[in-house]
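Below: the structure, in structure tokens.
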Amino acid sequence: MKLLAKRIADKRFLNLMELFLKAGIMEGHLFKFTLKGTPQGAICSPIFANIYLHQLDLYWWNKYGNLHRKQKERRRINHMGNCALIRYADDWLLLTNGGKAEAIRLKEEFQAFLWEELKLELSPEKTHITHVNQGFDFLGFHVQRYVKSNDRPKMLVTPAQENIKKLKLKIKEMTRRKWFQDSPLLKISALNAVLRGWINYYRHTNTKKLAKDLDFWVNERLFLWLSKRHKVSKRRVLDMFKLRENGKRWNFGVVNGDNYLFLYRMSDLSLKKYRSRSPDNPYLEGFGTKSEQQPEKPLSQTIWMGNAENVTWRELKEKIKAERGAKCECCGALGKLDLHHIKPRKSKGKNTEDNLQLLCRSCHALTLSFGRR
């Protein structure tokens, strides 16, 4: 509470936070008082963890994170290495390019700080010193560097094996005999929710091959569940539930009103490359609050530039309607109007007033350039 009082003056809010800390927990229908801390899973637990462990962030920043380039080079020359801190709530990593002795020293240093300043202890089961070539797990991700002969080292980020096992256990549980009362429509809907959420969490990792393997495995699980539920042959299951998806590939699906609901395939999700650096955060003092000044971008030449302001297409259309009247310049019709390029844009026609004409949709459709780019 003392840490909160340093930045927050509202006593009502501070009292509310104190009540959160004193609140008990419900175990079944029984209320149980807690002597200290917040129960795991409480909505305020990550917030309190961030507030309390912010002191760890400041300690790292003041001693290692705020070094100049020459200071970092000097540490590297002296085989001390530099270190980076990555923290998410109460899970954190300390990365260093120094040797193993330096890694052990850093562990002991931060362990001492946590105990002396915050009265926290590192978990022996979760605290390890690992080389990046061997790989490590963090927040459900497995990070490992691969070095091939005559090739640059590559950092590979994949889902952790433990989380893959958890997903398979979840799918197995959903496709057991005791759930035969579920309809195929509800079963596929439930599976889709789990699969879509799981792969979206890992869409920034190298999961293309893994997603295809898991798709095949989930198909097999659903296939067996359907055959046992309906007590028919496997050929009959394929005839009943194997449908053409979008007129192309075969997939498990069921009728859902006027449409079809198909089993979601994780390999369909387009993967995105993760960014190596987050954008600057103006709410963090001293943690990258200022970006390097970027050169000013020139105004786009694809829109009207009759004045110094960057006028949008919609504003330009409203300006022409106000000047010429809100009617078709060809037939005089009122209603919805389009802006027609007299000289098409494909022929390098510009978005200037002298090259634009207000036309109704019927007159616009009669022009040679209608629908072209």
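A short reminder: the numbers here are calculations on the coordinates, not readings from a lab. Computed from a predicted structure; not experimentally measured. Every residue, glycine as well, gets a Cβ built from its backbone with ideal geometry; the counts of neighbours run over all protein chains shown.
The table below lists the values:
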| read-out | value |
| --- | --- |
| Residues Ser123 and Lys32, FRET efficiency given R0 of 25 Å [Cβ-Cβ distance, rounded to 0.05] | 0.55 |
| Extension gain (nm, one decimal) between Ile77 and Lys154, 0.36 nm per residue minus Cα-Cα | 25.3 nm |
| Residues Arg314 and Trp115, FRET efficiency given R0 of 51 Å [Cβ-Cβ distance, rounded to 0.05] | 0.25 |
| Pairs of Lys in the stretch 74-175 closer than 28 Å at Cα, counting only those 8 or more apart or on different chains | 14 |
| Convex hull volume per residue in cubic angstrom - Cα atoms of the stretch 2-124 | 133 Å³ |
| Alpha carbon convex hull of the stretch 161-268, volume per residue in cubic angstrom | 107 Å³ |
| Cβ crowding within 10 Å averaged over residues, with 210-221, 5-16, 63-74 ranked highest first | 210-221, 63-74, 5-16 |
| Viscosity 1.567 mPa s, 4 °C: Kirkwood-radius Stokes-Einstein D of the stretch 72-222 over Cα pairs, µm²/s | 69 µm²/s |
| Computed FRET value (nearest 0.05) for Gln181 with Glu245, which takes r as the C-beta separation and R₀ as 22 Å | 0.25 |
| Peptide ranges 196-202, 331-337, 239-245 listed from the most packed, as the mean C-beta count within 10 angstrom indicates | 196-202, 239-245, 331-337 |
| Cross-link reach list, lysines versus Lys348, counting only Cα pairs under 20 Å and skipping chain neighbours closer than eight places | Lys317 |
| Length released on extending from Val194 to Asp258, taking residue separation times 0.36 nm less the Cα-Cα span | 20.6 nm |
| The stretch 313-365, Rg to Rh (Cα coordinates; Rh as Kirkwood inverse mean 1/r) | 0.95 |
| Where labels lie 7 Å past Cα in the beta-carbon direction, separation of Asn206 and Thr352 in nm | 5.3 nm |
